[in-house]
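Notes to accompany the following structure.
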Amino acid sequence: MLISRIASAAIGIVYLILAFYIGGWLLDLSVLGIALIGMYEFYTAVRHRGYNPVSWVGYLFIFWLFGSITLHLSGFHAVLLSVLVVAFFCLFLTVVSQRWNLLDACLTVLGLIYPGLAFMSMILLYRAADYGKYLLIFTLFATWATDTFAYFTGLGLGKNKLCPRISPKKTVEGSIGGVVGSLVTGIVVGMVFTHSYNLEIGYLHYTVISLLCGITSQIGDLSASSIKRFCNIKDFGRILPGHGGILDRFDSILFTVPVVYSYYLLFLS
């Protein structure tokens, strides 16, 4: 179990490095692939609970959104407007068909936002500016540092439960350790980017982004655990040996990348 977990993680890291280095269509198609798999895992999970999301609407929307982003056909505001259009369309389906109800429509929209649109924000952040690639890499490092530091701090010092109803093993001490780990890692990575690539983002922004990643990555982890408990499943899938599904592995990133992209739009663009 441990060997397969390490092996799949190593392969995934190597592939991500290659995708970031080459960029372009390799990165775009990779994000589209994991977005579709993540949406499939989400829709399958809620079906396990007895709901019937209109999944084909979600898939069509993601293909349209992917084309709009990669071909520069629409801006971020148009993306948000499109989500509203899809939401109204799903509600319309509940009126004209007895196959779907209001909850099915809501879960369809939720699936195209989380994880669909959340994954697409990786492309948006990568293309945001000349340093977008580095900002995305920074976000991934800060997110992974949060998970790693939280795990080992909780293992060694954890005494007080954080959210026992959702995730019994997580502790307050581990959560604090995760935020500190994200902050330390973010400052170190920021120093490397500043001195090696002459990025003038500024240490204040690196610090704030690190803190945001340290907090939101844990919210993403807990949110995924909450969804799995609601759907009465252990993992979202089995595509990654030792890790589960795409949503099990990227649950934190699904929250940190959209938040960092929003921060970029507000304070860096």
Open item on the list: When you scan the range 91-105, do you find a residue that is among the aromatic types (Phe, Trp, Tyr) and assigned to a helix (DSSP H, G or I), even just one?
Closed with: yes
TODO: Among the numbered conditions (1) surrounded by fewer than 17 Cβ atoms within 10 Å (Cβ to Cβ); (2) aliphatic (A, V, I, L, M); (3) in contact (Cβ under 8 Å) with a residue 40 or more places away in the chain, tell me where residue 60 comes up short.
DONE: (3)
- [ ] Among the helices (runs of 4 or more DSSP H) lying completely within the range 172-269, list those that include at least 1 residues that are hydroxyl-bearing (Ser, Thr, Tyr) and free of Cβ contacts under 8 Å to residues at least 24 places away in the same chain.
- [x] 172-197, 203-231, 253-263
Open item on the list: Under 8 Å between Cβ atoms, which residue pairs at least 6 apart in sequence (or on different chains) link something in the range 140-168 that is within 22 Å of residue 253 (Cα to Cα) with a partner that is surrounded by fewer than 17 Cβ atoms within 10 Å (Cβ to Cβ) and charged (D, E, K, R)?
Closed with: 154/169; 166/229; 168/161
- [ ] Collect the residues in the range 122-154 that are over 14 Å from the mean Cα position of the chain (by Cα), among the β-branched types (Val, Ile, Thr) and modelled with pLDDT under 95, keeping them in residue-number order.
- [x] 148
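Check the range 200-215 and report whether any residue there is among the aromatic types (Phe, Trp, Tyr) and closer than 16 Å to residue 259 by Cα.
Checked the range 200-215: at least one residue is among the aromatic types (Phe, Trp, Tyr) and closer than 16 Å to residue 259 by Cα.
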TODO: Answer yes or no: is there a residue in the range 73-82 that is part of a helix (DSSP H, G or I), of a type in the set (A, V, I, L, M) and in contact with a helix residue (DSSP H, G or I) (Cβ under 6 Å, 6 or more places away or on another chain).
DONE: no
- [ ] State all residues of the range 241-250 that are over 20 Å from residue 49 (Cα atoms) and surrounded by 20 or more Cβ atoms within 10 Å (Cβ to Cβ); if no residue qualifies, say none.
- [x] 249, 250
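The values are calculated or read from the model by the stated rules, or taken from the named source; none is laboratory data. Everything numeric in this text was worked out from a predicted model, so none of it was measured. Because the Cβ atoms are built from the backbone with ideal geometry, glycine has one as well, and the counts that use them run over all protein chains shown.
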